[in-house]
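**Student:** Take this structure, written in structure tokens, and hold onto it; I'll ask about it next.
The values are calculated or read from the model by the stated rules, or taken from the named source; none is laboratory data. Treat the numbers as computed from the prediction; the structure is a model and nothing was measured. Cβ placement follows ideal geometry from the backbone for every residue including glycine, while neighbour counts extend to all protein chains displayed. Side chains included, ligands, DNA and RNA excluded: accessible areas come from the protein's heavy atoms. Shrake-Rupley method; radii C 1.70, N 1.55, O 1.52, S 1.80 Å.
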Amino acid sequence: MTPRASVVIDCFPDSVRRYREGYAIVAIDVIRATTTAVTAVCQGRRCFPVPSIEHALPIAARLDQPLLVGELGGNMPYGFDMTNSPAELAARNDVSRPIILLSSSGTQMIHNAAECDAVYIACLRNVSATIEHVAERHKRVAIIGAGTRGEFREEDQYCCARVAAGLVERGFVPEDQQTRDVTRHWQDEPVQCWLPSRSVEYLRKSGQLRDLDFILAHVEDVPATFMLKHGEVVLMPVSE
């Protein structure tokens, strides 16, 4: 008997190591790393997620006029061009400049997943496209939320649940109780349901609500799939 396809929801960068073999990874950090990465590539930019400043510098040295984009602990590192802001990035017109993207947890998660069988980058902009692409190509899928300060934040739970629910509709079976619980809790909720999140409160207190506005205004507006290939986030051809 052919084993049924399965899906699991997990959280935090270190958890990726559980899924190194046999799984496709869907990496999610709604506020804000994966939203920024998808937005960058949609602009036509190259995008290189990195886990640390030390990883960023040698990549920057080989690129032409890269933008250093990111935050650590909520603060933009010294020498960076801008913080991890999809709204600010979308407003720039220097799209020929590649970005090197650093965040407290999202880009570390993506980096940790680099050795997995396949790594997809998802946010609220491309949930449906990710579901369709992954369901057609993989039998075991791990959807990983980045987590922030030891918490599986509501916005990431919501996005993970949306992807998992779509896979379940296509015949995938949840691998554990957490996956079932998170999916059932969030799958039918409206997108505004996660606004009480501490991540939203941080954006409010730090005067960065335009990123929240951007995220809420760009839901399911990108019918495309993005993967990590050789350290770079790339747009996948429809036929691939």
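**Student:** Using DSSP to call loops (not H, G, I, E or B), can you name the trypsin sites (Lys or Arg not before Pro) in segment 157-221 whose Cβ has at most 16 other Cβ atoms within 10 angstrom? Don't skip to the answer; put the middle values down first.
**Tutor:** Working: sites: ARG162, ARG170, ARG180, ARG184, ARG198, ARG204, LYS205, ARG210; in loops: ARG170.
Within segment 157-221, the qualifying trypsin sites (Lys or Arg not before Pro) (loop, at most 16 other Cβ atoms within 10 Å) are ARG170.
**Student:** Given R₀ = 45 Å, what would the calculated FRET efficiency be for MET82 paired with ASP117, taking r from the Cβ atoms and rounding to 0.05? Before the final figure, lay out each step's value.
**Tutor:** Working: r = 33 Å, r/R0 = 0.73.
The calculated FRET efficiency here is 0.85.
**Student:** Could you check the simple spin-label distance between ARG17 and VAL191, using points 7 Å along Cα→Cβ, in nm with one decimal?
**Tutor:** The two pseudo-label positions are separated by 3.6 nm.
**Student:** Something else about it: Over the chain, average the accessible area per residue using a 1.4 Å probe and give it in Å², no decimals.
**Tutor:** Details: 10740 Å² over 240 residues.
Ligands and nucleic acids excluded, the figure is 45 Å² per residue.
**Student:** For segment 165-208, build the convex hull from the C-alpha positions and give me its volume per residue in Å³.
**Tutor:** Hull volume normalised by residue count: 93 Å³.
**Student:** Here's another thing I want to ask about it. Report the percentage of all Cα-Cα pairs in segment 1-46 whose separation exceeds 15 Å, rounded to a whole percent.
**Tutor:** Numbers: 614 of 1035 pairs.
Above the 15 Å cut-off, segment 1-46 has 59 percent of its Cα pairs.
**Student:** Along the principal axes of its C-alpha atoms, what lengths does segment 76-120 span, in descending order and rounded to whole Å?
**Tutor:** 35, 23, 16 Å, listed from the longest principal axis down.
**Student:** Output the antiparallel fraction of DSSP beta bridges having both residues in the chain, as a percent to the nearest 5. Walk me through the numbers on the way to the answer.
**Tutor:** Values: 9 of 36 bridges.
Antiparallel bridges make up about 25 percent of those DSSP assigns within the chain.
**Student:** Quick one: divide the alpha-carbon radius of gyration of the chain by 2.2 N^0.38 Å and tell me what you get. Intermediate values should be presented prior to the final figure.
**Tutor:** Working: Rg = 16.6 Å, N = 240, 2.2 N^0.38 = 17.7 Å.
That ratio works out to 0.94.
**Student:** Please compute P(r) over all alpha-carbon pairs of segment 75-185, binned at 5 Å starting from zero, and give each bin as a whole-number percent.
**Tutor:** Result, from short to long distances: 2, 9, 18, 20, 21, 13, 9, 5, 2, 0 percent.
**Student:** Now a separate question. Taking each pair of distinct Cα atoms in segment 142-240 once, what is the resulting Kirkwood hydrodynamic radius in Å? Don't jump to the answer; show the numbers that get you there.
**Tutor:** Details: mean 1/r = 0.0651 Å⁻¹.
The Cα-based Kirkwood calculation yields 15.4 Å.
**Student:** Take the solvent-accessible surface of the protein heavy atoms, probe 1.4 Å, and return the percent of it on the chain that carbon and sulfur atoms account for. If you can, show how the numbers build up before the last one.
**Tutor:** Values: 5250 of 10740 Å².
Here carbon and sulfur together make up 49 percent of the probe-accessible area.
**Student:** Using only Cα atoms, figure out Rg for segment 7-76 and give it as a multiple of 2.2 N^0.38 Å. Kindly include the intermediate steps, with their values, before the conclusion.
**Tutor:** Numbers: Rg = 14.1 Å, N = 70, 2.2 N^0.38 = 11.1 Å.
Dividing the Cα radius of gyration by 2.2 N^0.38 Å gives 1.28.
**Student:** Filter the GluC sites (Glu not before Pro) in segment 1-83 to those in DSSP coil with at most 14 other Cβ atoms within 10 Å of their Cβ, and list the result. Before the final figure, lay out each step's value.
**Tutor:** On the way: sites: GLU21, GLU54, GLU71; in loops: GLU21, GLU71.
Here the sparse-neighbourhood loop sites are GLU21.
**Student:** Report Rg(Cα)/(2.2 N^0.38 Å) for segment 1-138, keeping two decimals. Mind showing how you got there, number by number?
**Tutor:** Numbers: Rg = 15.6 Å, N = 138, 2.2 N^0.38 = 14.3 Å.
Cα Rg divided by the expected 2.2 N^0.38 Å: 1.09.
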